[in-house]
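The values are calculated or read from the model by the stated rules, or taken from the named source; none is laboratory data. These numbers were taken from a predicted model, which means no experiment stands behind them. Cβ sites come from the backbone with ideal geometry, for glycine too, and all protein chains shown count toward neighbours.
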Number of protein chains: 2
Amino acid sequence: MSAAAGSVGHDELGWCLGVVLRAYTDEVGAVLGDLPHGHRGFQVLATVVHGDQRSQLALAGMLGIDRTVMTYLIDDLVTADLVARQVDPADRRQRRIVATGRGTAVLAELERGVRKAEDVALGSLDPQDRAVLRRLLTSVACSLRQVAPADPCAVVEDALTATA
Amino acid sequence: MSAAAGSVGHDELGWCLGVVLRAYTDEVGAVLGDLPHGHRGFQVLATVVHGDQRSQLALAGMLGIDRTVMTYLIDDLVTADLVARQVDPADRRQRRIVATGRGTAVLAELERGVRKAEDVALGSLDPQDRAVLRRLLTSVACSLRQVAPADPCAVVEDALTATA
DNA sequence: TATTGTTATACTCTATAACTATA
DNA sequence: TATAGTTATAGAGTATAACAATA
């Protein structure tokens, strides 16, 4: 039973995920600059702009962030004039989070840089393998979060066509 | 520009990696039980047993853990009688970390459970896609950490043969 | 002088519980 | 009573700097 034979060494999902995620946060962190709360603030902003989940609780569930943390994140995004809180008229307990004009513009700018940073993190793969990896990861993640594969995760099909 | 068209929503590497890593740590955490420091303690133990990097600094570099944290991790693994510190005779500044007999046995047992937990986290993929994802992630991670693809990352080839 | 490991400190992220306002 | 959001607190995880031992 040699070192390369079994489930040993660096063939370990946790190690791989950790290494890649660290590379991602390092690369993306440099792109995001002074955005409040770095890549987590970015994810919140992106979900607000592109997603359909807009209550703080729905955002927290989608991003795997505790609802108590979401309060602070959104506080600082509001202070930075990137998003705003609106009381939901249908249920006055809920706050609908909407992007400001500035927030939408800033996000569009940041997303270009983030996409480049992502490709740097995956730089050792050729474009085809990169697309396959993105597709598989997106599939697993959407399945884990039980996101309807119809709406936002139709992106999976985009990755496929981009590969071909 | 629909939600599914551009680089939007859940087609985002950071979100995918975070979701999958969270699922991994949840599943694996249950398997590891009272192992000191959970999945990080496991990774240290696995690297000690299978890897060839054995100084604390080398372990820290491999696992992306700060060297000051590595001190505490190894302290507790030593207390649990899973590893031991030995002064390197060739360089008395360094400590060589070696597994105890109990550490080796415990790791072998845990690795079976961890492998199952990993497959649970990737459960939505069929076995072939799962192997492809493992192969690509391992490739990226080894490249990022500049691990010699010869020795431990020859596992990549194992994943390929397992796929075929 | 540089490196390995240790210790102390602080900062970020996260988790829990108590509180409010609405339903 | 139950839920959305807030606040306060404590716990992990991590990063920085200062220190001892060794090279």
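Of all the numbered requirements in (1) crowded, with 20+ Cβ neighbours inside 10 Å; (2) within 16 Å of DNA strand C (Cβ to nearest atom); (3) within 14 Å of chain B (Cβ to nearest Cβ), A:ILE74 misses one, and that requirement is (3).
Once the stretch B:31-60 is narrowed to residues that are out of contact with any strand residue (DSSP E or B) (no Cβ under 6 Å at 6 or more places or on another chain) and among the charged types (D, E, K, R), the residue that is nearest to DNA strand D (Cβ to nearest atom) is B:ARG40. A:GLY113 satisfies every condition listed in (1) surrounded by fewer than 19 Cβ atoms within 10 Å (Cβ to Cβ); (2) modelled with pLDDT of 95 or more except (2). Among all positions in the stretch B:80-97, there is no residue which is within 14 Å of another protein chain (Cβ to nearest Cβ), near DNA strand C (Cβ under 9 Å from one of its atoms) and either loosely packed, with under 13 Cβ neighbours inside 10 Å or within 16 Å of A:GLU12 (Cα to Cα) (or both). For A:VAL140, indicate whether it is over 15 Å from the mean Cα position of the chain (by Cα) and either facing chain B (nearest Cβ under 7 Å) or β-branched (Val, Ile, Thr) (or both). So A:VAL140 fails the test. Taken as a whole, the condition of being in contact (Cβ under 8 Å) with a residue 40 or more places away in the chain, part of a helix (DSSP H, G or I) and within 13 Å of chain B (Cβ to nearest Cβ) applies to A:VAL120. Can you name the residue in the stretch B:54-66 that is assigned to a loop (DSSP other than H, G, I, E, B) and within 10 Å of DNA strand C (Cβ to nearest atom) and is also nearest to B:ILE97 (Cα to Cα) among such residues? Per the criteria, the residue is B:ARG54. The combined condition, being away from DNA strand C (no atom under 12 Å from the Cβ), more than 14 Å from every other protein chain (Cβ to nearest Cβ) and surrounded by fewer than 16 Cβ atoms within 10 Å (Cβ to Cβ), is fulfilled by B:ARG102. Please work out if A:VAL69 is of a type in the set (A, V, I, L, M, F, W, C) and either within 9 Å of DNA strand C (Cβ to nearest atom) or within 13 Å of another protein chain (Cβ to nearest Cβ) (or both). For A:VAL69, the condition - of a type in the set (A, V, I, L, M, F, W, C) and either within 9 Å of DNA strand C (Cβ to nearest atom) or within 13 Å of another protein chain (Cβ to nearest Cβ) (or both) - is met.
From the list A:GLU27, A:GLU111, which residue is in contact with a Gly (Cβ under 9 Å, 6 or more places away or on another chain), within 14 Å of chain B (Cβ to nearest Cβ) and of a type in the set (Asp, Glu)? After ruling out the rest, the residue left standing is A:GLU111.
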